[in-house]
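What follows is a set of notes on a single structure, which appears directly below.
The values are calculated or read from the model by the stated rules, or taken from the named source; none is laboratory data. Small disclaimer: the values here were computed from a predicted structure and weren't measured. All Cβ positions, glycine included, derive from the backbone under ideal geometry; neighbour counts span all protein chains shown. Ligands, DNA and RNA are stripped out before the accessible areas are found, and what is left, the full protein with its side chains, is counted by its heavy atoms. Shrake-Rupley method; radii C 1.70, N 1.55, O 1.52, S 1.80 Å.
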Amino acid sequence: MNIVKGVADLLRRSSGGQGADCGSWPNADKHSSPSLKIQFSETGDEAILATLWQRYENTIDKVEKRKSLQVFFLHFIQTYRDWEPKNDNQLSIEVASLDDTVVGCSSGHPSEVMLIIVQEIARLTSLVSELNSSTAKYGADVAELSASLTYNTDGLYALNSLMIANRSWHNCKVFSYYGGVQKVAALLKAVVQLKALASAPSVDESSSCNAEKIRFLQTILGYVVSIVSGFMELYSSGNKTVEHVDVIKSTFVKYTQPEISSLSLKDSISQPRKLWQERAIVMVMEAGGLNWLVGKGKSHFKSIGGLEVLLDEIGPPSSNFSATRSTIISGDDRRICVYGIFHLQVLSLETLRESVFGNLNNLQFLCENGRIHKFANGICWPAFILQDWRVKFGLAAVDFQDFNPNSVKENPEMIPQDVITLLNMSDSSNLLEWKRYSVRLSRGLCSFLLAPEDIKSHHGEASSKNSMPISLGFWELCIRWIMKILLTIFQCIKACSNERELPSHIRVLDNTMQHCILSTFRRVLLFAPALLEVFREEGIWSMIFSEKFFCVGPFLEELDMEFEAKSKVKVSDVFAVSDIFEDKLKNSDVDILQVEAVSFLEFAATLTANTNNLPECSVLIDALEQSAHNPELATIFLRSLQRILQLTPDRCLGSFKSLDAITRALKVACIQAREVRKHVSNGPDEGGSTEIFGEKKIQAVNCPKNVTSWVNCMKSSIELFNEYISISEHVRSLVLHNASCIDCLFDLFWEKSVRKDVLEQILGLIKLPTMLPDDRTAKLHLCSKYLEIFTHAKEWEEFYPELSIDLLVSMREIISIDHEYYQTLFRDGECFLHIVSLLNGTYEEEMAEQLVLNVLHTLTLLLTGSNNSKAAFRALVGVGYQTLQSLLLDFCKWHPREGLLNALLDMLVDGKFDKKANSVIKNDDVIPLFFNVLQKCSTSLQHYGLDVFQNLLKDSISNRTSCSKAGLLTVLLDWFAIVEDEKLITKLAQLIQVIGGHSISGKDIRKIFALLRCESIGSKNNNSSLLLASLQYMLMEKGPEAFLNSVDIGLGS
């Protein structure tokens, strides 16, 4: 308790000595070698010490050498017990050159003596650490432990000698140069740990032995604290310390040190002494001993005001550290001075963390009485005070640009060049220093949630084990506290930005802090997934996906590239907060920070403990809609949704259904498709366009490089849709019944880059088995939209014949699945009108033939075996398909080919025509259509068509009946009257004879006699003979009473 109180007192008193008017900051040379060489005098006690030292150095035997060292230390303590450095007021010694030697120890002691002292402290630390390890592991014998320490008097002599030697500023420099501060800090940790083990009650050891052991360890602690205190405070005539330890008797005579207020201390000590104190404080804090000691005494630290002191230390050092010109235009090295003060702020933050981490009461203290705002302001003040200076000196506009001296505001005072360098972030060394500070500050803030080693280890393999056991209660309160801190910080940072940009140094700090926060939050959830609900309650997602979190203006990577170009230093070596996505985002407009934010949300959504990821999915969908005109960012959101769906399909089903996520994702894809079409049709739009999405206005800027991004975004939407629809039949049914989703799919159909995938999904939905009563209605809507493509394709698609053919092929595949069901479905969707309308156009001959054949094949499949379909088609195109006949002849330019005849033959028999396997006429309306088209064919094709029908009628009464009902005899007689080719006339006569012999009306008989009276026929004896022979055959075919219509006989009429 007394040790902790002493630490707090040191911090309180040292805070008064920190000012902004420091001339230099010693970070750069804190380990520089001392330039002064000192040796013992050749007279008096120092001559004896010189002799003892020489004896020690010349002794070879180890045992004798240690005895010689003991003797030397005893005489050293006796000689210099009341020693005071003679040059205390100057803190420096003027020498002619580095090779000069000072004889006599009036201002310090030989460096080799200080080195041996440091080595002895290290040896003592090793001994204590070894005993500590063996005690914890094996429970070493108490007597042996006590003896091992008690008889190790060399270390105690060394500590006592160091307390005396550190009165000299020169000795302190030598001590720090040889790493003495780190050695003392290590000894402090080892002794405290061993003391804790030794203080534990044991059945086997006596109370007197235990008391002796604790007393001895307490003696070492007293030395260590005295040494650290003397090192930081530095001995002076106004600040004397008197200490003496009789090691033989193991008694420690306490020394007294007068209390000096901050005001009197500041007034009484010189500027060099203040610089040393600041330097010493930094070295002690960097060594870690102070933080570790505060952490050990954190339960008492709040009661003695230590927390309040450390909270004050995070803020500006004093009221004098303001934005006045006189403050910054003073001193020799302003950048080192200013960043040194910033560095000390980070060290104070780390010490505060040690006093709070894992202690719920101490953390509660920081949550009370406005301390959250005080803490947040303490974090931000370096960035804001630099900006304030930049504004005052007219450098605020110089944000990562080459400095222009003319941009500096007029000022009667001369502004030194190094002041401009300090405030201008285009200077690579200045930017490097600021980035280092930003990283340390960010990690210091995050260390309140996790141990520093856990924060830095995120680049390696993820581990679900925390290096320090922390209660969920502490973590919960810490999350709530740090979320309030962050909201305050980011709100202040946002206030510093103009409409589109942050000052460059604030942007660096902002991005650095965000990277570190995301990584830390992720690891917290890895250690304790149950804390996700706490994050949600504190508005984690609204903070991350808001303008307060994502900075505006150029991304951090732009600063990195500029920095690397000017400094030739790789940014990743300085700013290694996160590089997970670096390779994935090259040549991309998406910031690594944004990807990490999405990755963190994705991680939270897929946690095993997260049984309801609706909040996370909702955030992603909202963010997706808001970034609809930012295809790069929208693509990141879409891919994240897809990964969440892949990893947690069962949980995502309910979330996606509640949010209508798939429809909203497809609507974003539709926006991308419109942008692509707009760019292709109109070219780049310099001004861009603004659309309303929900309640947000989003600016779209069209440029050629964005076309690829838009296409990639659309593809990502389709991939998400494919992933979702592949989960189960139930999901596909949900999509089928979602009219908005279906409409989006058909909107996306017109974008060629995704057409194949979209069509595949549309066809898959049409092919779904019918399970629910409403499925047919939903499918009818889907089929109607599918058929409307034929109509719109003429207007929107350049190569619409090819597209139409593909659609017809797919349509036939669907109908083949369930002939009757899909015939009815497409018929109710008015498929005949849409399909026949495809023939109403002009195309290249080869493409026209392919299209007409596909139209006929599709119509055949739609009509096959369905009287209802045939009736509906007849109602549309007329009896004998007269309208279809006109369209076919126009489409084929009155020159039909064999393929068209074969297609009509297929339609004639409701399937693939085969004169042996499938030759029965099943569609009578095709008969007149076939012969009317046949008349326009070449002579060879006409012979081919007549031969086919001759075979059809030869042995089939049903085919003859169909031809008779279809009025084929009338068609043949009309053709017979105009034909010139004798072979064709013969074949026509044969068909007239066969059909008339089966059934003939009085009208057709009158037509035959009319042809016989016709001069053109009568003049050709062969034609007349053929007609008469046909008529004779008809009359002889089982008598006229069986085949003639007696009502129409009237031959004389």
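For each pair in LYS794/LYS912; LYS67/LYS183; LYS65/LYS189, compute the distance between the two Cα atoms and list the pairs where it is over 27 Å.
LYS794/LYS912; LYS65/LYS189, as the Cα separations exceed 27 Å there.
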(request) Kindly flag which residue pairs out of LYS678/LYS785; LYS374/LYS435; LYS37/LYS173 have an alpha-carbon separation exceeding 20 Å in this structure. (result) LYS678/LYS785; LYS374/LYS435
(message) Can you compute the modelled spin-label distance between ARG371 and SER471, with each label point 7 Å from Cα toward Cβ, in nm?
(response) 1.7
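Pop out the carbon and sulfur fraction of the accessible area of the range 482-535 as a percent, whole number, probe 1.4 Å.
C and S fraction of accessible area: 52 percent.
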(request) Measure off, as a whole percent, the carbon and sulfur share of the 1.4 Å-probe accessible area of the range 843-979, all protein chains present. (result) 50
(message) Given R₀ = 60 Å, what would the calculated FRET efficiency be for ASP650 paired with ASP82, taking r from the Cβ atoms and rounding to 0.05?
(response) 0.15
(message) Please report the projected area of the range 830-966's Cα convex hull averaged over all directions, in nm².
(response) 7.6
(request) Could you check the simple spin-label distance between LEU780 and ALA530, using points 7 Å along Cα→Cβ, in nm with one decimal? (result) 5.6
(request) Could you tell me whether the range 949-1005 comes out rounded, prolate or oblate from its Cα gyration tensor? Rule is a ≥ b ≥ c as square roots of the eigenvalues, rounded for a/c under 1.5, then prolate if a/b exceeds b/c, otherwise oblate. (result) oblate
(message) Show me, bin by bin at 10 Å from 0, the whole-percent P(r) of the range 770-822 based on Cα pairs.
(response) 22, 45, 25, 7
(request) Set the Förster distance to 51 Å, then compute FRET efficiency between ILE978 and PHE799 from the Cβ-Cβ distance, nearest 0.05. (result) 0.80
(message) Multiplying the sequence separation of GLN491 and ALA47 by 0.36 nm and subtracting their Cα-Cα distance, what value in nm do you get?
(response) 153.0 nm
(message) Just to confirm, what accessible area per residue do you get for the range 830-966 at 1.4 Å probe, in whole Å²?
(response) 43
(request) For GLU846 paired with MET543, estimate the spin-label separation in nm (one decimal), with each label point 7 Å from Cα along the Cα-to-Cβ line. (result) 6.7
(message) I need the calculated FRET efficiency for the pair ARG897 and ARG677, taking r as the beta carbon distance and R₀ as 51 Å, to the nearest 0.05.
(response) 0.85
(request) At 1.4 Å probe size, with every protein chain present, just tell me what the per residue accessible area of the range 750-810 comes to in Å². (result) 47
(request) For ALA609 and GLN119, calculate 0.36 nm times their separation in residues minus their Cα-Cα distance, and state this gained length in nm to one decimal. (result) 171.1 nm
